[in-house]
Amino acid sequence: MNNLKQEAAKAALQLLEPDQFIGLGVGSTIAYFIELIASRVSFKSSLKFTSPSLETKILLQENGLICIDNSTIATLDYYFDSCDQVDIHLNAFKSGGGVHTGEKIMANMAKQFILLVDGAKMVDKLTTKYPLCVEIIPDAWLSVLKELKSSYSSAISNIVLRKSEQKSGPLLSERGNFLA
């Protein structure tokens, strides 16, 4: 991890206060942030954490932090995440983690949504460097595919289901949905 990502995570520590509900996304910067909280925050036992990511939930538990089910709370004080790109208008491009729906839910639950990024992810305008990923309920796959092709035919050249070399069939999100 580069030093700028580490500095972003360190700066985020300053926002934490006792008795807060904190949502965390997924990725190397979030993993480092969890390590910092576990090792440097004196009031960590008063904080409650949740995440749409099983990987992050495991990291929270391994670091002795209280991880609660997000269905038991309505509001988060903060939701911290990372992204692939963010433009000058703060539009963010996220495509990699496969927890899209959960991330959107948590961002909406948060009083403040904060992206932990370094300067390399800041762009004037979002680009096509990363493939756009859409999470689709399996029962609606063909209908959504038809709608995407109809609505965005000039912008979309090829829509495919994500696949994994580790298993046969499509790669699924943490909610059991297709990723296209």
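The values are calculated or read from the model by the stated rules, or taken from the named source; none is laboratory data. If you're wondering where the values come from, they're calculated on a predicted model, not measured in any experiment. Cβ sites come from the backbone with ideal geometry, for glycine too, and all protein chains shown count toward neighbours.
At a glance:
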| item | result |
| --- | --- |
| Pairs, first at positive phi in segment 55-78, second in a helix (DSSP H, G or I) and modelled with pLDDT of 95 or more, C-beta under 7 Å, six or more apart | GLY64/ALA38 |
| Every residue from segment 34-54 that is surrounded by 15 or more Cβ atoms within 10 Å (Cβ to Cβ) and closer than 22 Å to GLU174 by Cα | ILE34, LYS48, PHE49, THR50, SER51, PRO52, SER53 |
| Members of segment 93-108 found to be surrounded by fewer than 18 Cβ atoms within 10 Å (Cβ to Cβ), in contact (Cβ under 8 Å) with a residue 24 or more places away in the chain and of a type outside the set (Val, Ile, Thr), listed by number | SER95, GLY96 |
| Sole exception among (1) hydrophobic (A, V, I, L, M, F, W, C); (2) surrounded by fewer than 17 Cβ atoms within 10 Å (Cβ to Cβ); (3) not in a helix (DSSP H, G or I) for CYS83, by number | (2) |
| Residue in segment 113-120 that is over 22 Å from ALA11 (Cα atoms) and assigned by TED's automatic domain parsing to the domain that holds GLU7 present | no |
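Rundown of residues vs (1) assigned to a strand (DSSP E or B); (2) among the charged types (D, E, K, R), yes/no style:
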site	(1), (2)
SER71	no, no
HIS89	no, no
SER95	no, no
ASN108	no, no
ILE114	yes, no
LYS125	no, yes
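Listed here are the residues, each with its yes/no results for (1) part of a helix (DSSP H, G or I); (2) touching a residue at least 40 places away in the same chain (Cβ under 8 Å).
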residue	(1), (2)
ALA120	yes, yes
LYS129	no, yes
CYS133	no, yes
ASP139	yes, no
LYS146	yes, no
SER154	no, no
GLU165	no, no
